[in-house]
Amino acid sequence: MPGWQRVLLRLVFWAGGLALAGVVSLATIAGVALAVAYPNLPDISELVDYRPKLPMRIYSVDGVLIGEFGEERRNLTPIDQIPKVMKQAVLAIEDSRFYEHSGVDYKGLVRAIFANVGHIKSQGASTITMQVARNVYLSSEKTFTRKLYEILLTFKLEHLLTKDQILEIYMNQIFLGNRAYGFAAASEAYFGKPMKDLTIAEAAMLAGLPKAPSAYNPITNPSRARARQQYIIERMQDNGFITSEQAEEAKKQELKVRSGLPTLSVHAEYIAETVRQLVYAQYGDETYTRGLNVYTTIHADQQEAAYKALRAGIMNYEKRQIYRGPEEFVDLPTDPKQVDDAIDDALAEHPDNGDVLSAVVLEAGPKKIVAVRSSGDRFEIVGDGLRPAQSGLSDKAPPKIKIRRGAVIRVMKTPKDTWEITQLPEVEGAFVAVDPRDGAVHALVGGFDFGKNKFNHVMQAWRQPGSGFKPFIYSAALEKGFTPTTIVNDGPLFFDAGVTGGQPWEPKNYDGKFEGPMPLHMALAKSKNMVSIRILQAVGTQNAQDWITRFGFDADKHPPYLTMALGAGSVTPMQMALGYSVFANGGYRVNPWLVTKITDQKGKVLVESQPPLPNESVRAIDARNAFVMDRLLQEVARSGTAARAQATLKRPDLYGKTGTTNDSIDTWFNGFHPTLVAIVWMGYDQPKSLGDRETGGGLSLPVWIDFMQTALKGVPVMEPTPPEGVVNLGGEWYYEEYARGAGVSSLGLDQAGAPGVVPGMPPDAGGGGSNVTVPSGSVNPAARRGPQGEASPGSPAVDRSLMNSDGMPPPRTPGEERRSILDLFRN
């Protein structure tokens, strides 16, 4: 054998030996690595029962989603409910051989290794199984160690789970941008539709997101997203998932992509936040990841009606206010190409507030404004649309108020489909509707806008109730022998400093006039302050303070002074709703009821609550008291300060009382139907006058009427049944023992002479009853002596003011009272 051949042979043997040694070495290293790494792999058995982070979702009583809280927006969808087109789109671009390989694409793996070694961009060799291993358990860093763990986890997943289970995890787990995790959530986020309704084009668009959710986001990068979508459609065709005709049709389809985050169809932000706090008190941080479904007593149609009615009422008030000027002024460039960017930047800092939209002024004159919205649409404001901002269009307008080019303004669409200028309100409001039969909250709006002010005025705002508190004083008087036809003097009163212990007090009626003697029912209908004060004097301030606690009011918020007759204490709108519920339901105290049940993501009931039917253990006042008070409050809604209620809604079964505090700082309407109590409040957070002419009847009542037009649609007229122990004489209802002159016949009249003819006084009602005289210029001396010496109205010797119809005080055993949902969570 020639020498060169022997040398070549030796080289071959040496090379083979080195190669074999290398293979053995690599095998040894791999074996050692596996021996070290495998025990450190995470336990993946939990994926057999896959439980990703799921948000808490809050629903109305009719199943409408009204709130969602969670770290990840996700709709867990089983593999058999994922539409075929969505699975095919994902497989076409991510792993077309998914159902054929054992978890690792070896060709792709070699390509990825060389890409890593050569420091070039990876070509993406990960299979769906590998992506599941990485997304669930590992980081996304590109190192050999992480890749080794990924491959080992892939083998474990393929051994433990079926292909469908792995694909199900992938389709639900993957992040797809816009706070969406999983394709079901992405379908809602980008297209506003359930995944089952996706077209081929839409499915292909979503399938392009896993590679880079921000780069291929159809909202922020539509051109790149469309290019990838077109490629995926081709891949679907190449893999035989769709025909060429379907591919061509899909490529031509114009997609309607949502802008921004998904919005809920019902505005219930204050309710959702209240529920979130309640649930968090029980479940802590699991609230946002456990997939809880919370079902509430809210009625979606009533909630939306309440939201719209309150906002409309506040904006109608805002139209009567002085224009405070644009929100900001921006310098608009002269270069048309730069103007759009400047407008976008300005409006980004002044987002739309519901139907109160932001715009930038391009041209401004006394008779016309040209403005542009964030969408780029230009529009004109002319005629009546300019009226709310006339002061800002005047040549003499101060610089901060003057509307000019570059001004950021607020606009609204009118019912005539024209534009009008407006401004974000400074005034606030609250609305709550409760079923008086069980305390179920049907609607709650805690303010004008949750994003602007998260303070829940329904639950947290302590305000003076004004004349809306008078019915509770009248209720106490009924137990002291007063009747609807008791004659009370609407005459002047004066209390000097010796009586008040401070400044002299000379109360007035709202209109400053005095109408003299009138029956009790007329006095409440006309909301006469002097009558209410005289009634409170007769009942006794301490007795009245004790009485109002039966309705759920806090005694310490209503000091036992005569100003209590005018609603000078403090209440929340929710307290007023529960207080008026006692009148509406025949005399029973109810607690607010908001959460009916909580389930986990699989529907297993974790918490469920049902309120008990009203029973004597929760009776607050005699059924007769509630019935007579209803007749008085019905007159208010028929011919008194709230007469617009029955006149507009055209039904007699409406009851209520307006409320306006001193200087019109707070305005209320507290009204009810036998099946629904609704309370409306309006005022400033920093108390100040709403205006000399603003009243509860003018501001709050229209909101109540707007809401009730929706809430009572289709509800039949209800006529209450008189309880035992009342009689009807001359069209008025009396306690049987106080009928035919046995009760208090008059109050505050001069004993020396008869009152003469009194308007509104039935001929059968008077005569023979006791008289209580409180002179017009002073306080009855007996009323100064406190609880033991308060003036007696001349009622029977047994004091019924603190007793039920059976003559016994109502039981107050805490264990027998229905707990609120908050107590349910805490115990």
Give, as a single signed number, the net charge of other residues whose beta carbon lies under 12 Å from the beta carbon of Leu54, with Lys and Arg counted +1 and Asp and Glu -1. +2
So how far, in whole Å, is the C-alpha centre of the range 621-659 from the one of the range 47-95? 50 Å
With +1 at each Lys and Arg Cβ and -1 at each Asp and Glu Cβ, the charge dipole magnitude of the range 244-340 around its Cα centre, to the nearest 20 debye, comes out at 380 debye
Would you calculate the convex hull of the Cα atoms in the range 437-529 and tell me its volume per residue in Å³? 197 Å³
If every Lys and Arg gets +1 and every Asp and Glu gets -1 at its Cβ, then about the Cα centre the range 379-527 yields a dipole, in debye to the nearest 20, of 640 debye
Relative contact order [Cα under 8 Å, 6+ residues apart], the range 669-757, whole percent: 17 percent
Sites Glu736 and Asp355 - FRET efficiency at Förster radius 35 Å, r taken between beta-carbons, to 0.05: 0.05
Once both labels are modelled 7 Å past Cα along the beta-carbon direction, what's the Leu160-Thr334 spacing in nm? 6.9 nm
For the range 292-356, shape from the Cα gyration tensor axes a ≥ b ≥ c, cut at a/c of 1.5 then a/b versus b/c, turns out oblate
For the range 578-727, shape from the Cα gyration tensor axes a ≥ b ≥ c, cut at a/c of 1.5 then a/b versus b/c, turns out oblate
Taking a ≥ b ≥ c as the square roots of the Cα gyration tensor eigenvalues, with a/c under 1.5 meaning rounded and otherwise prolate when a/b beats b/c, else oblate, which class fits the range 241-284? prolate
As straight-line cross-link partners of Lys400, the qualifying aspartates and glutamates (C-alpha separation under 16 Å, not fewer than 8 residues apart within one chain) are Glu327, Glu328, Asp331
Normalised radius of gyration for the range 645-756, please: alpha carbon Rg relative to 2.2 N^0.38 Å, two decimal places. 1.44
Could you order peptides 387-396, 642-651, 699-708 by the average number of other Cβ atoms within 10 Å of their residues, highest first? 699-708, 642-651, 387-396
I need the trypsin sites (Lys or Arg not before Pro) found in the range 470-513, filtered to DSSP loop residues with at most 15 other beta carbons within 10 Å of theirs. Lys508, Lys513
Compute the relative contact order of the range 177-319 as a whole-number percentage, counting only Cα pairs closer than 8 Å that sit 6 or more residues apart in sequence. 20 percent
Treating only the Cβ of Lys, Arg, Asp and Glu as charged (+1, +1, -1, -1), what charge dipole size does the range 150-204 show about its Cα centre? Round to the nearest 20 debye. 80 debye
When ligands, DNA and RNA are left out and all protein chains stay put, how many square angstrom of accessible area per residue does the range 615-700 have with a 1.4 Å probe? 31 Å²
Order by protection proxy (mean Cβ within 10 Å, highest first), peptides 52-58, 450-456: 52-58, 450-456
With unit charges on the beta carbon (Lys/Arg positive, Asp/Glu negative), name the residue among Phe329, Gly291, Asn316 whose Cα is farthest towards the positive pole of the charge dipole of the range 285-331. Asn316
Where only C-alpha atoms are counted, convex hull volume of the range 256-324 per residue in Å³: 196 Å³
Take peptides 548-559, 181-192 and line them up by average Cβ neighbours within 10 Å, highest first, as a rough protection proxy. 181-192, 548-559
Extension gain (nm, one decimal) between Lys193 and Ser259, 0.36 nm per residue minus Cα-Cα: 22.4 nm
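The values are calculated or read from the model by the stated rules, or taken from the named source; none is laboratory data. Note that the coordinates shown come from a computational prediction; the quantities given were computed from them, not determined experimentally. Every residue, glycine among them, receives a Cβ derived from its backbone with ideal geometry; neighbour counts consider all protein chains shown. Accessible surface areas use protein heavy atoms only, side chains included; no ligands, DNA or RNA. Shrake-Rupley method; radii C 1.70, N 1.55, O 1.52, S 1.80 Å.
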